[in-house]
Structure formats: structure tokens, C-alpha cells
Amino acid sequence: MSAVAPPESPAIAGAGAPSDDELVGRAQKGDLLSFETLVERHEDRLYRLAVRLLRNDNDAREVLQEAFLSAWQNLGAFAGRAQFGSWIYRVTLNAALMLLRSRKRRPTISVEDVPEGTIDQALSTGNSERGGSDWIRRPDDQLASEELKEHLQEALGQLPEILRVVFVLRDVEELSTEETAVALGITVQAVKTRLHRARLALRAAISNYFGRT
């Protein structure tokens, strides 16, 4: 099994390379080399997930090793109803959450990890429901202030786990709603509901900040 390294670029199967399904079929027959190829193909993306949830390189590497070992041991039960990438993503996510719970830690999200536009979306979500608000039109330099970043960081850290994880997968990892549902084993509607609540909580934090300023 290859060593886990920080991601540089996504692994893409070259032309003529075996598909994930083909590699899974070979690995299920005991071909370790095929499984190692699967690991190499997906480990960058899984590392990003683990390190964003855990905020610690050593913990992320530990989770990936645990996830890959679990995947190898349980590969026979993989029936192909979902794509292998979605399945191993969920295995990794579960391993990360188990580590967090065992250490009574909360997954933290850096404001810098949140893609540009997510905060605007959170603002728009709340604004559309409350009929507009003066602070949504404030200058961009206020949104970028260090004080607001600290306020947002605190708000992100206070999100309940079921909301925070959905926020990470949808707005940080940028999975689709359907991919997030598969990864977490919940319905698409549940993803939409939890993401909506997470964004509203973020919007409320921003509103509170501007209410004080």
C-alpha cells in the first residue's frame, strides 16, 4: 500500500487504464496490486477530506491507513451498488468521525478552506427569508476583516456535528448533494435540510457581528 502524501493534483486513470470496477473485481480475488492502484487513484482526495476534518497531518494519515485497511478487509462485501470512490470516501469519513469522537474533539474548519462564494450564499439564504438587510450590502473589506474571520471560525466550530460534516462535504469538499447523501448514508432531502441549517447558522453569526459593529 502506498504512503499517503499531501495532495498535489487529482489522480486520473489514463487512457486504456483499467476502470475502478475492473480493479475492484481483481482485488476481490486477492490481487493486492490492483487494490494498491485503487488506493493511489483515490488517496489524494481522501487525504484532503481527512485533513480538513482533523486539521492534523498525522491524524489524517492515521485515518487513511485505517480506512484503507478496513476497505481491504471488507472489499468482499462491496457489491458495486455505488461507485468505489463513493464507498471508500464513506469509509474514510466514518474513520475520521470515529477518531474525533474517541478523542472528544470537534472537527474544525478553517475559514480559508471555504471556497469563495460560500459566505455570500449563506448571506443570501438568510436575506431572502428575512426581506433584506442593510449589512448585506456592506463593503467587501469588512467581510474580509480579521475580526469577522475569527467570529466565523468560532461559528463554524460551534456547528453541531451533523450540520458541520454536511457543510464540510458540500461547501468545502464541494461534493454534489447526491454524493454527500451517499457518503453519509442519508437522504438527499436530509442533506439539503442540514446544509440549509448550517448556512443559516453562519448567516446568523455574520448578522450578529454586524449588529455589534
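The values are calculated or read from the model by the stated rules, or taken from the named source; none is laboratory data. The model shown is predicted, which means the values in this text are computed figures rather than measured ones. No Cβ is skipped: glycine too gets one built from the backbone with ideal geometry, and neighbour counts run over all protein chains shown. Side chains included, ligands, DNA and RNA excluded: accessible areas come from the protein's heavy atoms. Shrake-Rupley method; radii C 1.70, N 1.55, O 1.52, S 1.80 Å.
If you filter the stretch 72-86 down to residues that are under 17 Å from G185 (Cβ atoms) and among the aromatic types (F, W, Y), you find that the one that is surrounded by the most Cβ atoms within 10 Å (Cβ to Cβ) is F84.
Which of the residues spanning the stretch 16-29 are over 13 Å from G85 (Cβ atoms) and open to solvent by 50 Å² or more (accessible area, probe 1.4 Å)?
Within the stretch 16-29, G16, E22, R26, Q28, K29 qualify.
Tallying residues that are touching a residue at least 24 places away in the same chain (Cβ under 8 Å), more than 21 Å from V51 (Cβ to Cβ) and of a type in the set (D, E, K, R) within the stretch 159-213 yields 4. Here are A204, A155: which of them is farther than 26 Å from N94 by Cβ, open to solvent by 20 Å² or more (accessible area, probe 1.4 Å) and not in a loop (DSSP other than H, G, I, E, B)? Within the list A204, A155, the selection yields A204. Within the bounds of the stretch 108-117, is there any residue that is outside any loop (DSSP other than H, G, I, E, B), open to solvent by 40 Å² or more (accessible area, probe 1.4 Å) and either at pLDDT below 80 or farther than 19 Å from R48 by Cα (or both)? Checked the stretch 108-117: at least one residue is outside any loop (DSSP other than H, G, I, E, B), open to solvent by 40 Å² or more (accessible area, probe 1.4 Å) and either at pLDDT below 80 or farther than 19 Å from R48 by Cα (or both). Any residue in the stretch 24-38 that is within 14 Å of F78 (Cβ to Cβ) sitting within a Cβ distance under 9 Å of a residue that is charged (D, E, K, R) and open to solvent by less than 40 Å² (accessible area, probe 1.4 Å)? List the pairs, counting only those 6 or more apart or interchain. Partner pairs satisfying both residue conditions: L38/D20.
For I162, the test of being out of contact with any Ser or Thr (no Cβ under 6 Å at 6 or more places or on another chain), at pLDDT 80 or above, among the hydrophobic types (A, V, I, L, M, F, W, C) and open to solvent by 50 Å² or more (accessible area, probe 1.4 Å) is passed. Counting residues in the stretch 119-138 that are assigned to a helix (DSSP H, G or I) and at pLDDT 65 or above gives zero.
A count restricted to the stretch 165-191 and to residues that are touching a Ser or Thr at 6+ places or on another chain (Cβ under 6 Å) and either surrounded by fewer than 19 Cβ atoms within 10 Å (Cβ to Cβ) or not in a helix (DSSP H, G or I) (or both) stands at 1.
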